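Working notes, beginning with the structure itself.
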């Protein structure tokens, strides 16, 4: 159960770490938000550059703008039709143009009408929406004049002759206009004759709050001017006054409106700039009237552009929105007003349905030193939104793939890591029994990672623990052997002392007992030597010492202490200095020399050699005699390890000498090693300084 909990905990932590991968899309999303400002500025600059480029092709071209200079406010714009209009008096075919109808108001009443005109190259189509609460038709029996509401169309023909057509309904439905012509009778008297016009058709249709008039006029009939006068008759008497609403106010009857339409020449110039999807270009005259336009704000969206996830994170983008300027005949706005005064400007606005943000850039068109018009370039920010969604989608998809890969790898790694830790735990637990004794074999891992290192550390720890237990197991025998002789001497001396009467013999017995006690004291001193040394190391100080001279002094002392042994010293020519504690270093050498003399053959020397190797130097102590037992090279410096014959009756050896030497070496940060000589006839101890 504990193992399962550990495994789950490790996997959970690694999964939590893998969740850090989700920081990538967050950083990307934050970057996209910061980039939006840059993209908006770039879009605005691009529109301004395009406007300047288009205006550059129109500047100082007087032929393109002279025909519009006199139109001013009384111009009547003719829209280009993109579909067929069916004359029925209703507005279904005019939906795309209704927002751009021109409204005309009576100067004396609330009567008004809206008018929009269009063409398809062969005919002019006119829709007039009249706001009139009282609709009065002319009676068919009335021969004395027009006594109902009616419409007058005033125009010039191709020969610049002024003419007027009258649309007088006698009821809803189709009607033919008529015109008046002056003729002379047989007596030479001038009379006015009413003539029907058959090449013009119209429909008069009553609607809520008024009526609609839809007219179809052949294109060849109309010259450069066209205007309409609506007369609202509210009294039954033909002699009564009627209210008038006209497209060119009071001047309409004699000077109708000038016809304005897109300029083919300007249109061709716009097309040479190249059409960009989602971008629209306008060319205006000095009054804001549209002379030419090209392009559309609508653009095709890629698939998955409206993913709900991206909509939650980013501003929404719509492929369908209300374009309030589509088909416009006149543009208004701060940027247009600024451009018509000679200053380029930009404007950001929302579509009427708030589904799109539209940015427009306007720049003036110059004729000499005067402004002849303006170029307006528009585009929505949908391209930015689409770009953001594409980048975000790409980022999310890649992050999701990376996240899945990382999760799978981490789960695999967590499973493998958990299994290795569980196996290590089982092997370690099985290697030690309930009494703390190493009872099983622990096989260390060969992996080159922290767990492998931990496994090898456990193996070394268990190996040292096993050696310690072996020592403890042999301690009783070792102490029994070492204490047996001195205790026997003391006991036998005491027994003899009870029976011995001779004073001289009693003194000899006391000396034997004293010798046994001294041997017991030696054993106890050596047992506490390592503890005293560890305490002394905490207070010891180092100083720079000439190793060559130091070893020479030591050799002379060893020759006096061990007169039965030969000593040889080999020193390099170069002087070697190291920071050591003389007393401790001397004590360490004593342990090695003592061992070397104890195991050396009487006829062979003990060789002490100092050699210099690059930045380090090595002291070797070699003796010829018995070899080290196999596997004891590293264990020799552990505590309580001895390879002497237990039956020896000489000075007691508890295996602490080389352990003390190791403590001194570690204090000086030196390394120790013990190996058999290459000739297999002795042992060599190395001290690497």
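Quick check on segment 206-215. Is at least one of its residues assigned by TED's automatic domain parsing to the domain that holds residue 93 and within 60 Å of the chain's Cα centre (by Cα)? Yes; the residues of segment 206-215 include at least one that is assigned by TED's automatic domain parsing to the domain that holds residue 93 and within 60 Å of the chain's Cα centre (by Cα).
Conditions tested, residue by residue: (1) in a helix (DSSP H, G or I); (2) at pLDDT below 80.
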site: 535; (1), (2): yes, yes
site: 540; (1), (2): no, yes
site: 548; (1), (2): yes, no
site: 554; (1), (2): yes, no
site: 565; (1), (2): no, no
site: 585; (1), (2): yes, no
site: 592; (1), (2): yes, no
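Is it fair to say residue 11 is surrounded by 12 or more Cβ atoms within 10 Å (Cβ to Cβ), in contact with a helix residue (DSSP H, G or I) (Cβ under 6 Å, 6 or more places away or on another chain) and either within 30 Å of residue 418 (Cα to Cα) or modelled with pLDDT under 70 (or both)? Here the answer is yes, as residue 11 does meet what is asked. Among the numbered conditions (1) surrounded by 19 or more Cβ atoms within 10 Å (Cβ to Cβ); (2) touching a helix residue (DSSP H, G or I) at 6+ places or on another chain (Cβ under 9 Å); (3) modelled with pLDDT of 90 or more, the only one that residue 168 does not meet is (2).
The rows are residues; the columns are (1) at pLDDT 85 or above; (2) surrounded by fewer than 19 Cβ atoms within 10 Å (Cβ to Cβ); (3) more than 27 Å from residue 46 (Cα to Cα); (4) outside the structural domain of residue 222 (by TED's automatic domain parsing).
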| residue | (1), (2), (3), (4) |
| --- | --- |
| 274 | no, yes, no, yes |
| 277 | no, yes, no, yes |
| 284 | yes, no, no, yes |
| 288 | no, no, no, yes |
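Just one of the listed residues (128, 116) is buried (at least 20 other Cβ atoms within 10 Å of the Cβ), touching a helix residue (DSSP H, G or I) at 6+ places or on another chain (Cβ under 7 Å) and within 20 Å of residue 246 (Cβ to Cβ), namely 116. In segment 573-593, the residues that are in the same structural domain as residue 662 (by TED's automatic domain parsing) reach residues that are assigned to a loop (DSSP other than H, G, I, E, B) with C-beta atoms within less than 7 angstrom, at least six apart or across chains, in these pairs: 578/689; 579/542; 580/542; 581/540; 581/541; 581/542; 584/540.
The residue that is modelled with the highest pLDDT, counting only those in segment 626-661 that are touching a strand residue (DSSP E or B) at 6+ places or on another chain (Cβ under 6 Å) and surrounded by fewer than 19 Cβ atoms within 10 Å (Cβ to Cβ), is 627. Out of segment 572-600, which residues are touching a strand residue (DSSP E or B) at 6+ places or on another chain (Cβ under 7 Å) and farther than 21 Å from residue 675 by Cα? The answer is 572, 574, 575, 576, 577, 578, 579, 580, 582.
Residue-wise test of (1) modelled with pLDDT of 85 or more; (2) surrounded by fewer than 15 Cβ atoms within 10 Å (Cβ to Cβ); (3) within 14 Å of residue 289 (Cα to Cα).
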residue: 47; (1), (2), (3): yes, no, no
residue: 60; (1), (2), (3): yes, yes, no
residue: 88; (1), (2), (3): yes, yes, no
residue: 100; (1), (2), (3): no, no, yes
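Of the residues that make up segment 119-130, is at least one over 27 Å from residue 82 (Cβ atoms) and in a loop (DSSP other than H, G, I, E, B)? Within segment 119-130 (the criterion being over 27 Å from residue 82 (Cβ atoms) and in a loop (DSSP other than H, G, I, E, B)), the answer is no, since none of the residues qualifies. Taking segment 441-462, which residues are in a loop (DSSP other than H, G, I, E, B) and over 13 Å from residue 427 (Cα atoms)? Answer for segment 441-462, where residues must be in a loop (DSSP other than H, G, I, E, B) and over 13 Å from residue 427 (Cα atoms): 446, 447, 448, 449. Which residues, taken from segment 144-157, are farther than 19 Å from residue 132 by Cα and modelled with pLDDT under 90? If the condition is that a residue be farther than 19 Å from residue 132 by Cα and modelled with pLDDT under 90, then 144, 145 are the ones that fit.
No other residue among 422, 386, 405 is in a helix (DSSP H, G or I) and closer than 30 Å to residue 356 by Cα apart from 386. Kindly provide the set of residues from segment 254-296 that are touching a strand residue (DSSP E or B) at 6+ places or on another chain (Cβ under 6 Å) and in a helix (DSSP H, G or I), ordered by number. Residues satisfying the conditions are 266, 267, 270. All conditions but one from (1) out of contact with any strand residue (DSSP E or B) (no Cβ under 6 Å at 6 or more places or on another chain); (2) modelled with pLDDT under 90 apply to residue 193; the one that does not is (1). Among the residues examined, residue 400 does not qualify as within 30 Å of residue 451 (Cβ to Cβ) and surrounded by fewer than 16 Cβ atoms within 10 Å (Cβ to Cβ). I'd like the full set of residues that are surrounded by 10 or more Cβ atoms within 10 Å (Cβ to Cβ) and at pLDDT below 70, limited to segment 498-511. Within segment 498-511, just 500 meets the criteria.
The values are calculated or read from the model by the stated rules, or taken from the named source; none is laboratory data. Predicted model, so just to flag it, every value in this text is computed and none were measured. Note that each Cβ is placed from the backbone with ideal geometry, even for glycine, and that neighbours are counted across all protein chains shown.
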